[in-house]
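Asks: This is the structure I have questions about; it appears just below.
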Amino acid sequence: MNIAVFAYSRQGCRTARQVISHFSGSHITAYTMERFAEPGFFPLGKPAEAFYGSLFAASDIMVFIGSCGIAVRQIARHVKSKQTDPAVLVVDELGTFVIPLLSGHMGGANRQARALANTLGATPVVTTATDINKRFSVDSWAAENGFIIDSMACAKAVSAAILEKDIPMLSDFPVVTDYPNGVIPGNQGDLGIYVGYCEKMPFAQTLRLIPRVLHLGIGCRRNTPASAIREAVELVLQTHQIDRRAIRCAASINLKADEEGLLQFCREENLPILFYSAAELSAVPGDFTPSPFVEKVTGVNNVCERSALLGADRLIVKKTARNGVTVAIAVQNLEVHFG
């Protein structure tokens with residue numbers, strides 16, 4: 001994590017050192033006013049708007065040692081969205097209170113405030129409604145688990161409704177803990193939460209939380225263009241109503257490590273791609289769709305299914321062929337935890 005710490009007094013610098021110690025292991029840069037300069041602290045930059053703006057954009061967490069007013073004045077011009085804003089914490093210079101000021105849920109400021117307060121022996125001052133009412137915070141939970149929130153408007157609707165009633169949740173994956181306050185298992189209703197990789201809407205208004213758990217196995221003829229690979233992948237996704245945002249990576253045989261069309265497709269989709277040897281693919285257990293031609297060329301009887309399954313748990317889409325491209329999809333094992 002990239003963390004920026006700001007102190008505005010001698011005592012603030014002392015408290016800042018405790019904050020820095022708490023976040024050890026992260027990339028931390030500390031700043032203070034020139035007249036309080038001491039080792040480990042850089043001077044606050046000028047002009048202030050550009051200085052704080054650049055750090056606001058580059059930081060995961062900003063910690064202001066001082067008053068809430070100081071923090072508000074410095075970040076106000078740069079606040080954009082809870083999906084992109086960093087977590088902003090305020091700690092009074094004596095380290096008595098830790099206040100999550102911005103991005104309490106998605107940015108993790110509430111969680112970070114509690115942890116930092118525990119280190120400092122301070123009191124966390126958390127003001128978000130779901131937290132103070134001890135109800136489930138869907139955006140915070142999604143962020144902690146790396147789930148993609150399909151609709152921030154729907155997430156807001158869930159957060160408002162959950163203060164008044166229990167919201168049903170449908171998960172494609174096993175829920176291995178008790179449900180938290182505000183959430184019950186269910187598959188119908190006017191408003192609900194769906195955790196999964198399919199493009200389905202089980203509730204009248206459905207908040208879809210999308211885990212990135214799918215491995216996309218791809219085989220192709222030599223010199224296949226990226227457009228042909230994209231068409232084949234799109235066909236599979238549309239046929240099986242799979243959300244492309246659930247794809248975690250692509251995979252193929254290492255003979256395709258220099259296949260420009262495949263590499264271009266992955267670049268354009270911002271997908272990491274894994275390449276495996278024929279021996280690694282042959283060792284994958286399971287019942288696969290064989291191809292004597294593929295085995296003659298590559299040394300393994302199926303590339304797409306085996307490469308998708310290597311590192312995943314089970315195939316959900318078997319080999320689908322289109323214009324010299326074969327596609328398969330496997331899903332990683334996932335258990336849903338609360339708390």
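The values are calculated or read from the model by the stated rules, or taken from the named source; none is laboratory data. Here the structure is a predicted model, which is why all the values come from computation and not from measurement. Methodologically, a virtual Cβ is constructed for each residue, glycine included, from the backbone with ideal geometry; neighbour enumeration extends over all protein chains shown. Side chains are part of the model used for accessible areas, which takes the heavy atoms of the whole protein and leaves out ligands, DNA and RNA. Shrake-Rupley method; radii C 1.70, N 1.55, O 1.52, S 1.80 Å.
Asks: Any chance you could count how many residues in region 10-54 are polar (S, T, N, Q) and under 13 Å from GLY95 (Cα atoms)?
Replies: Within region 10-54, residues that are polar (S, T, N, Q) and under 13 Å from GLY95 (Cα atoms) number 3.
Asks: How many residues are touching a Lys or Arg at 6+ places or on another chain (Cβ under 8 Å) and in a strand (DSSP E or B) when one looks only at region 326-337?
Replies: Residues that pass the stated criteria total 5.
Asks: A follow-up question, please. Which numbered condition in (1) touching a residue at least 60 places away in the same chain (Cβ under 8 Å); (2) open to solvent by less than 10 Å² (accessible area, probe 1.4 Å) is the only one that ARG221 fails?
Replies: Every condition holds for ARG221 apart from (2).
Asks: Output the residue which, of all residues in region 296-312 that are part of a loop (DSSP other than H, G, I, E, B) and surrounded by fewer than 24 Cβ atoms within 10 Å (Cβ to Cβ), is modelled with the lowest pLDDT.
Replies: So, considering only residues that are part of a loop (DSSP other than H, G, I, E, B) and surrounded by fewer than 24 Cβ atoms within 10 Å (Cβ to Cβ), the one modelled with the lowest pLDDT is GLY299.
Asks: Something else about it: Restrict the check to region 126-134 and report whether at least one residue is without any contact (Cβ under 8 Å) to a residue 24 or more places away in the chain and either touching a strand residue (DSSP E or B) at 6+ places or on another chain (Cβ under 7 Å) or not in a loop (DSSP other than H, G, I, E, B) (or both).
Replies: Yes, region 126-134 contains a residue that is without any contact (Cβ under 8 Å) to a residue 24 or more places away in the chain and either touching a strand residue (DSSP E or B) at 6+ places or on another chain (Cβ under 7 Å) or not in a loop (DSSP other than H, G, I, E, B) (or both).
Asks: Right, another one. Which residues, counting only those in region 105-124, are assigned to a loop (DSSP other than H, G, I, E, B) and modelled with pLDDT of 95 or more?
Replies: Correct list: GLY121, ALA122.
Asks: Turning to a different aspect of this structure: Sort out which residues of region 58-97 are touching a residue at least 40 places away in the same chain (Cβ under 8 Å) and open to solvent by 50 Å² or more (accessible area, probe 1.4 Å), and write them in order of number.
Replies: ALA58, ASP60, LYS82, GLN83, GLU93, LEU94
Asks: Do we have any residue at all in region 168-182 that's among the charged types (D, E, K, R) and farther than 27 Å from HIS240 by Cα?
Replies: yes
Asks: Restricting region 48-57 to residues that are hydrophobic (A, V, I, L, M, F, W, C) and crowded, with 18+ Cβ neighbours inside 10 Å, which is farthest from the chain's Cα centre (by Cα)?
Replies: That would be LEU55.
Asks: Here's something else I'd like to know. Given the structure, is LYS200 exposed (fewer than 15 other Cβ atoms within 10 Å of the Cβ), under 30 Å from ALA157 (Cβ atoms) and of a type outside the set (S, T, N, Q)?
Replies: Yes.
Asks: May I pose another question? Of everything in region 204-214 that's assigned to a strand (DSSP E or B) and open to solvent by 10 Å² or more (accessible area, probe 1.4 Å), which residue is nearest to ILE247 (Cα to Cα)?
Replies: ARG208
Asks: If I go through region 1-18 residue by residue, how many of them are open to solvent by 40 Å² or more (accessible area, probe 1.4 Å) and assigned to a helix (DSSP H, G or I)?
Replies: Count: 5.
Asks: Just wondering, is there one or more residues in region 270-282 that are closer than 24 Å to GLY196 by Cα, of a type outside the set (A, V, I, L, M) and outside any helix (DSSP H, G or I)?
Replies: yes
Asks: Mind listing whichever residues of region 19-47 are surrounded by 11 or more Cβ atoms within 10 Å (Cβ to Cβ), over 23 Å from MET1 (Cα atoms) and not aromatic (Phe, Trp, Tyr)?
Replies: Matches in region 19-47: MET33, ALA37, GLU38.
Asks: Residue under question is SER151, and the condition is that it be open to solvent by 20 Å² or more (accessible area, probe 1.4 Å), closer than 14 Å to LEU207 by Cα, touching a residue at least 12 places away in the same chain (Cβ under 8 Å) and of a type in the set (S, T, N, Q); does it hold?
Replies: Yes, satisfied.
Asks: So which of LEU271, LEU255, LEU315, LEU281 ends up being touching a residue at least 24 places away in the same chain (Cβ under 8 Å), among the aliphatic types (A, V, I, L, M) and open to solvent by 60 Å² or more (accessible area, probe 1.4 Å)?
Replies: It is LEU255.
Asks: Something else about it: Could you list, in sequence order, the residues of region 19-58 that are assigned to a loop (DSSP other than H, G, I, E, B) and either in contact with a helix residue (DSSP H, G or I) (Cβ under 7 Å, 6 or more places away or on another chain) or of a type in the set (A, V, I, L, M) (or both)?
Replies: Residues satisfying the conditions are MET33, ALA37, GLU38, LEU44, GLY45.
Asks: So, one more: Within region 225-241, take every residue that is touching a strand residue (DSSP E or B) at 6+ places or on another chain (Cβ under 7 Å) and open to solvent by 10 Å² or more (accessible area, probe 1.4 Å) and give me the one that is farthest from ALA278 (Cα to Cα).
Replies: GLN241
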